[in-house]
Each structure stands twice: as C-alpha cells, then as structure tokens.
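I have placed the structure first, in the form of structure tokens, so that the comments after it can refer back to it.
Bear in mind that the values in this text are calculations on the coordinates, not laboratory data. Values in this document were obtained by computation on a predicted structure and should not be read as measured data. Reconstructed Cβ throughout: ideal geometry from the backbone, glycine too, with neighbour counts over all protein chains shown.
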Amino acid sequence: MGLNRALPCGKKVRLYPGDTYKKIALIKNIDDLGFTFEILESKDRYYNVGSIYFISHSKPLELEILS
C-alpha cells in the first residue's frame, strides 16, 4: 500500500484503467478497497465529466500525476 501514501487526496491525475482513452480526474479518496475519483475531463464515453467513480485495487489501473 505504498502507493496510497504517495497519492494524497486532491491530486489531479490522468487515468488509464485498462484502456488508452484520455481521462483526467481528481482523487477524492483512497482506502483499503480502492480509489475514488471525480472525472474532470474525458474522451471515454463510459466516464462522464463530473461523475464519481470507484476503482478497486484489484483492477488494472495506471496513473500519471498531473498536480
């Protein structure tokens, strides 16, 4: 769980959960189950701007820290 400490809530990130469509999100929460994000920008039809999404630690997820 070292990743959790490196990514405090409020960080802006680019998400790549198993695909290559651009998604910019704000980390809302990180807990033992996974990550909660608010989508700020999206080119993916399944991730709507302004929506809140949870991604489990068991799912493939790549992040790029933006701020």
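Only Cα pairs under 8 Å and at least 6 apart count here; give the relative contact order of the chain as a rounded whole percent. Each step should come with its number before you reach the end.
Working: 137 pairs, mean separation 22.0, N = 67.
Once normalised by length, the contact order is 33 percent.
Rank these for me by crowding, 20, 36, going from fewest to most other beta carbons within 10 Å.
Numbers: 20 8, 36 17.
Ordered by Cβ neighbours within 10 Å, fewest first: 20, 36.
Quick one: 3J(HN,Hα) in Hz for the range 52-65, Karplus 6.51/-1.76/1.60 with θ = phi - 60°, rounded, Gly and Pro as x.
Result, rounded to whole Hz: 9, 10, 10, 10, 5, 4, 7, 8, x, 8, 10, 10, 10, 6.
Calculated from DSSP H runs of 4 or more alone, at -39500 (n - 2.57) each and per residue, what is the 222 nm mean residue ellipticity of the chain, nearest 500? Could the numbers behind the result be given before it?
Details: 1 runs with 5 residues, N = 67.
Rounded to the nearest 500, the figure is -1500 deg cm²/dmol.
So if each residue of separation counts as 0.36 nm, and I subtract the Cα-Cα distance between residue 31 and residue 64, what length gain in nm does that give? Walk me through the numbers before you get to the answer.
On the way: separation 33, 0.36 × 33 = 11.88 nm, distance 1.89 nm.
Full extension from residue 31 to residue 64 adds 10.0 nm.
Using packing as a proxy for protection, rank 9-16, 50-57 so that the peptide with the highest average count of other Cβ atoms within 10 Å comes first. Show your work: numbers first, answer last.
Values: 9-16: 15.4, 50-57: 13.1.
By packing density, highest mean first, the sequence is 9-16, 50-57.
Quick one: compute a quarter of the convex hull surface over the Cα atoms of the chain and quote it in nm². Walk me through the numbers on the way to the answer.
Details: hull surface 16.0 nm².
For the chain, averaging the hull's shadow over all directions gives 4.0 nm².
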